[in-house]
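Below is one structure, written out as structure tokens; the observations come after it.
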Amino acid sequence: MKNAYYQAKIPAFCRAHSSFVLGELTQAHGFVLEHLQRQAWIDQIALLQEALARFSAGHILFEFVIPRMGKRADVILCLPSAVVVIEFKVGAREFLRADIDQAHDYALDLKNFHKGSHDLPILPILCATAAERAGAIDIRWSADDVAQPVLIGVDALAETLALIADTQTNAAVDFEAWMEAGYEPTPTIVEAVQALFQNHGVWNTSLAPMPALAI
């Protein structure tokens, strides 16, 4: 299974014809492509090519597999000093709690279960394409360097991406190493699992099933 349906340097992506990018996505998908998914990709390609037109560095990945969850994030941007996770809701006018949680969960799973992301700042973005601008863009970082989800419409997409690209962090994203990194829980996650077992003692499987561990 490919980690991403499509990946490229951002300048190359912006120069590519949209039909070429769509063709790569469709071929990698490998299943019957529903009209809604095809149109969603078309919209995402157009929006991102416009929003990223002035970027001279970084990589873009469409449909990247999120470790542990086994789901694919719409778009990942590996910028020089941060990773951005973008979840699009094409045609949506509101920011639903389930969608906000989805974007945040993708970022948290990258941070906690993708070895290459352990030490990187990660910004989740939920873009509801028909939503109206709510005000100034506010990026709020948590202690683990995963920002709170930024909720935007398409009118703020370019500004938000430029803002994070200009943000000074202590991280340096090595894209090749990031791509080659695999599944590896952070020490904090491993310690939590060990503590869970210690609290339960030796589990008697004859009496009850072993609890499922989300790692």
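The values are calculated or read from the model by the stated rules, or taken from the named source; none is laboratory data. Just so it is clear, the model here is predicted, and its values are computed rather than measured. Don't worry about glycine lacking a Cβ; one is built from the backbone with ideal geometry, like all the others, and counts go over all protein chains shown. Ligands, DNA and RNA are excluded from the accessible area calculation, which covers all protein heavy atoms including side chains. Shrake-Rupley method; radii C 1.70, N 1.55, O 1.52, S 1.80 Å.
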(message) Restricting to the range 153-169, name every residue that is open to solvent by 10 Å² or more (accessible area, probe 1.4 Å) and without any contact (Cβ under 8 Å) to a residue 40 or more places away in the chain.
(response) ASP155, GLU159, LEU163, ASP166
(message) Looking only at the range 1-16, filter to residues that are open to solvent by 40 Å² or more (accessible area, probe 1.4 Å) and part of a loop (DSSP other than H, G, I, E, B); which one of those is farthest from ALA162 (Cα to Cα)?
(response) MET1
(request) For residues that are within 17 Å of the chain's Cα centre (by Cα) and among the small types (Gly, Ala, Ser), scanning just the range 121-149, find the one that is surrounded by the fewest Cβ atoms within 10 Å (Cβ to Cβ). (result) SER142
(request) Return the pairs, sorted by first residue and then second, in which the second residue is open to solvent by 40 Å² or more (accessible area, probe 1.4 Å), the first residue lies in the range 6-23 and is charged (D, E, K, R), the beta carbons are less than 9 Å apart, and the residues are 6+ apart or on different chains. (result) LYS9/ALA57
(request) Taking the residues in the range 17-35 that are outside any helix (DSSP H, G or I) and farther than 16 Å from LYS2 by Cα as candidates, determine which candidate is modelled with the highest pLDDT. (result) HIS17
(request) Count, please, the residues in the range 143-169 that happen to be hydroxyl-bearing (Ser, Thr, Tyr) and either modelled with pLDDT of 95 or more or not in a loop (DSSP other than H, G, I, E, B) (or both). (result) 1
(request) Among the residues of the range 102-120, count how many are within 12 Å of the chain's Cα centre (by Cα) and not polar (S, T, N, Q). (result) 10
(request) May I ask you to say which residue of HIS118, HIS104 is without any contact (Cβ under 8 Å) to a residue 60 or more places away in the chain, under 30 Å from ALA177 (Cβ atoms) and either open to solvent by 10 Å² or more (accessible area, probe 1.4 Å) or touching a Leu at 6+ places or on another chain (Cβ under 8 Å) (or both)? (result) HIS104
(message) Condition check: open to solvent by 60 Å² or more (accessible area, probe 1.4 Å), polar (S, T, N, Q) and under 19 Å from PHE20 (Cβ atoms). Does GLN37 satisfy that?
(response) yes
(request) Name the single residue, out of those in the range 24-34 being hydrophobic (A, V, I, L, M, F, W, C) and in contact (Cβ under 8 Å) with a residue 24 or more places away in the chain, that is least open to solvent (accessible area, probe 1.4 Å). (result) LEU25
